[in-house]
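Peer 1: One structure, as C-alpha cells, below. Some questions next.
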Amino acid sequence: MELLVAFGLYFWYIQPTYTGNIQALHTKITSEHGVAKTMKKYSQKETRLEEKKNNISPADIARLSEMLPPTNGTAHFLLNINALALRSGFTLSKFNIKDQGNSSRQNVPAEKRKPYKTFILGISGKGTYGSFRQFLDGLERSLRLVDVTSLSIKANISQPAPGAKKQNTNLYDYSLMLQIYRLPSAS
C-alpha cells in the first residue's frame, strides 16, 4: 500500500512539478551561467585591452591621432591639401566632399562595424605630370591616412590664338577621388 501511494505521489505530483517548473528553472540557471561566463571573459579581455592602451606612450597616441583624427577636420585637411598643391605647382580647381556610410551606422551590428569612419574627397586640378607626381608624393608622406580610389587624367589641349606662341602642351587636367579615414566620435 505504501509503495502504491509513493508511485501515485511520484506520477501525479513530483514528476509534473519536476518536468514543468524545476526543469524550466534548471534550464534558465544553466543559461545564466553561460551568460556569466561570457561576461567574465569579456571583462577580462576589456581589462587586458585597457592595460595595453595605458602602456601606449603619449607620443605614439599623438601620432595616431594625427593619422586618424577623432573629428572630420575637413576644413583643416582642405587647407593642408591646398598648401601641398601650391608647394608642388599643382593648381586645384574643385573640391567635392561626400560623407560615407556614417548615417547607417546604427543599423549595422556592433561586431561588423568598422573602428573608423571615412569620407570621400573629390579633387580636380591642372598641372604638369611632374607637379602632379610631387603632389601625390606629398599626399603619400602626409600623416593623414588617405587612399586614392580613382584617378582620371586628360590632356589639356588648347589651340593658340592665330599669331600667338604655342602654349605649354605638357599641362593635364587631373581628377581624383580620395578616401580619408578618421575615428568615429564618442557618441
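The values are calculated or read from the model by the stated rules, or taken from the named source; none is laboratory data. If you're wondering where the values come from, they're calculated on a predicted model, not measured in any experiment. We place every Cβ from the backbone using ideal geometry, glycine too, and count neighbours over all the protein chains shown.
Peer 1: Can you name every residue in the range 115-161 that is hydroxyl-bearing (S, T, Y) and outside any loop (DSSP other than H, G, I, E, B)?
Peer 2: T118, S124, T128, Y129, S131, T149, S150, S152
Conditions (1) modelled with pLDDT under 80; (2) in the same structural domain as S142 (by TED's automatic domain parsing), marked per residue:
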site	(1), (2)
R63	yes, no
A75	yes, yes
N82	no, yes
Q106	yes, yes
E111	yes, yes
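Peer 1: Restricting the first residue to the range 135-156 and requiring it to be at positive phi, which pairs with a second residue that is exposed (fewer than 12 other Cβ atoms within 10 Å of the Cβ) and modelled with pLDDT under 95 meet a Cβ separation below 9 Å and a spacing of at least six or different chains?
Peer 2: Going by the 9 Å Cβ cut-off, there are no qualifying pairs.
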